[in-house]
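A quick write-up on the structure given underneath.
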Amino acid sequence: MSADRSKIQWNGWGAAGFKNPLAAREEVWTWLATQLGMPSLLATPARPLDEIALTDSRLIPADIEKFTALLGADRVREDKYERAFHALGRSYHDLLRLRAGDLSLAPDAVLYPRGADEVLAVLAYASEAGIAVVPYGGGTSVVGGVSASKGSLRAVVTLDLSGMDRVVDIDTVSLTATAEAGIYGPVLEKALAAKGLTLGHYPQSFEFSTLGGWIAHRGAGQQSRRYGRPQDWLVGAKLATPCGLLATEGFPASAAGPRLADLAIGSEGVFGVVTEATFRLKPVPAAKDYRGYLFRDFATGIAAIRQATQEGLSVAMLRLSDAEEMRFYRAFGAVGRRLDLMSRLTGAYLEARGFTDNAAMLIAGFEGGEIEVRQSRKRFAAIAKRLGAISAGGGPGKRWYEGRFHGPYLRDPLMDRGVGVDTLETATSWSKLDGLYVAVRAALEKSIGETAPRPGARGIVMCHVSHSYPDGASLYFTYIFPRALDGEIAQWRAIKTAASDAIAANGGTISHHHGVGEDHLPWIAKEKGDLGIAVLRAIKQTLDPEGILNPGKLIPPTTQP
């Protein structure tokens, strides 16, 4: 298997036993307390697993005997660590519960299939026996997408696909590859690179997420402007369902009715289990160039992204941080360090040029052939210059690229100090983007203030544009706040609800790339409409008539009379 669960933290991010050096830097916590309007930050360590009680399995001996006969005893896990590891995903909400020792959603067993036939056999038995099945790739969902909920069924098992990690074929003529769904990002890219090829799908969770998860949750890699999202690179997929294997078309294009592969993209394990996928590739780029551009404000940076996108400029990424995100990370990185002469001179120069506290930093990434990269860089530099931006050189781009997977590692030390940190993302058309940005920011700031543990406490709300299209772009918010330790779940829910309501009221989608899961379920019906939800329910009924697959996700329950 490409992943040994015992070597990964069950209630945090990264390798088991990993100690973030940030935890020991007291000057950081003193500074952060001041930023949050708190006198100090309290130690709030997670409960160790050996102090947490786990409910008894609801499976009967006949179930274990059947699963063992199908998979073998070594691939039917009932031990405490496996059940705890697979109880929830890795959202802030999930971590609050895991760290507090709430394992009420721990699955009754964890199953490790090694192929589509074994998945089909498990689903057939589970459907007959009334057992919920939660498909699990890397478990990095941040919207409650892999919570081991049994719904109205009598028991629940998690189907961990990490044992299905083979690269089946690499077609260097057609520039496609086929791989099993449980393969982790680094393993897949290593195999492709050996042939001079890449999928180019690099989400922030890349180190711990899987091909099947990217497809099932309609994810987005950081360089999606060049390499696309699953709807762009997925050629075909195999979807195991309780009613059999749905093998979708694998043509480069077809007019023979709706594209069935789209049933896998964004399905979140509700329609079936993605077991294998065929996807388009690109040659490993000969050149990469990531550099920073400083704009006088967020709106001007957005205008630059829109112009570049609508002109069809070849870029891998255009990522624009608003003033608060830029300010926070610069200040965070400078804690405990003396401001040298060059930094002071740079600050004076920028102020003289009119770059005040409203300045926004854009990281532009270019990948491809040497000539393509050089020409695209020059074209974007011209757009930026016309809008009054100045080049910050390659330093900001290099720092971003080297740390592009580091964000999730900051959550554990923050949560160890009574600090909450969460994210949400959305997308809308260019004409609505500014209004959506203002509304969501205001909703977050207001709800954080209302739920803060003491008067005067406040949050830090940051945002960046991470993905863009000819007709619009996404907004990605990160917010840090002092936790209300006597009501953390209620605080999270109030903040989440306020922001999500603002998104829905101001023309945004409830999710650009995180998915629906459980957390966004209250808003999905408004976005899809009654008829749209009815269509999803009809597909679910056809492929999973007993409703065993990932209960409580994506599709809202029917209204009770």
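Please give the Cα centre distance for segment 501-561 versus segment 77-118, rounded to the nearest Å.
Result: 23 Å between the Cα centres.
How high is the FRET efficiency between LEU42 and ALA15 when r is their beta carbon distance and R₀ equals 30 Å, given to the nearest 0.05?
0.70
Take segment 321-478, compute every pairwise Cα distance, and split them into 5 Å bins from 0; I just need the percent in each bin.
Bin by bin from 0 Å, the calculated values are 1, 7, 11, 18, 19, 17, 14, 8, 3, 1, 0, 0.
With r defined as the distance between the Cβ atoms of ARG337 and LEU22 and R0 fixed at 25 Å, what FRET efficiency is calculated, to the nearest 0.05?
The value I calculate is 0.95.
Please report the carbon-and-sulfur percent of the accessible area for the chain; probe 1.4 Å, protein heavy atoms only, DNA, RNA and ligands left out.
Answer for the chain: carbon and sulfur cover 55 percent of the accessible area.
To the nearest 0.05, how large is the calculated FRET efficiency for ARG374 and LYS432 if R₀ is 35 Å and r is the Cβ-Cβ distance?
Here the calculated transfer efficiency is 0.50.
Show me 46-59, 369-382, 173-186 ranked by packing, highest mean number of other Cβ atoms within 10 Å first.
The packing order, highest mean first, is 173-186, 369-382, 46-59.
Decide, for segment 1-137, between rounded, prolate and oblate: order the square roots of the alpha carbon gyration tensor eigenvalues as a ≥ b ≥ c, take rounded if a/c falls under 1.5, and otherwise choose prolate if a/b is larger than b/c, else oblate.
prolate
How far apart, in nm, are the 7 Å Cα→Cβ label points at SER152 and ARG493?
It is 2.2 nm.
Does segment 161-214 come out rounded, prolate or oblate by the C-alpha gyration tensor, with a ≥ b ≥ c the root eigenvalues, rounded set by a/c under 1.5 and, if not, prolate when a/b is larger than b/c and oblate if not?
Oblate is the answer for segment 161-214, as a/c is 1.5 or above yet b/c matches or exceeds a/b.
Mind checking the full-extension length gain between ARG458 and GLN307? Use 0.36 nm per residue of separation minus the Cα-Cα distance, one decimal, nm.
Going from the current span to full extension adds 50.8 nm.
Calculate the length of the line joining the C-alpha centroid of segment 385-433 to that of segment 192-259, in whole Å.
So the two Cα centres are separated by 25 Å.
Helix-derived [θ] at 222 nm for the chain: sum -39500 (n - 2.57) over DSSP H runs of at least 4, divide by residue count, nearest 500?
-11000 deg cm²/dmol
Just by accessible area at a 1.4 angstrom probe, what is the order of THR542, THR451 from largest to smallest?
THR542, THR451
Per residue, how much accessible area does the chain show when a 1.4 Å probe rolls over the protein heavy atoms, in square angstrom?
In whole numbers, the chain has 41 Å² accessible per residue.
Give me the number: length gained by fully extending LEU485 to ASP56, i.e. 0.36 nm times residue separation minus the C-alpha to C-alpha distance, one decimal in nm.
151.5 nm is the gain from fully extending LEU485 to ASP56.
Return P(r) of segment 138-183 (all Cα-Cα pairs; 10 Å bins starting at 0; whole %; ordered from short to long distances).
22, 33, 26, 15, 4
The values are calculated or read from the model by the stated rules, or taken from the named source; none is laboratory data. Remember, predicted model here, so these are calculated numbers, not experimental data. Neighbour counts run over all protein chains shown; Cβ positions are idealised from the backbone, glycine included. For accessibility, only protein heavy atoms count, side chains too; no ligands or nucleic acids. Shrake-Rupley method; radii C 1.70, N 1.55, O 1.52, S 1.80 Å.
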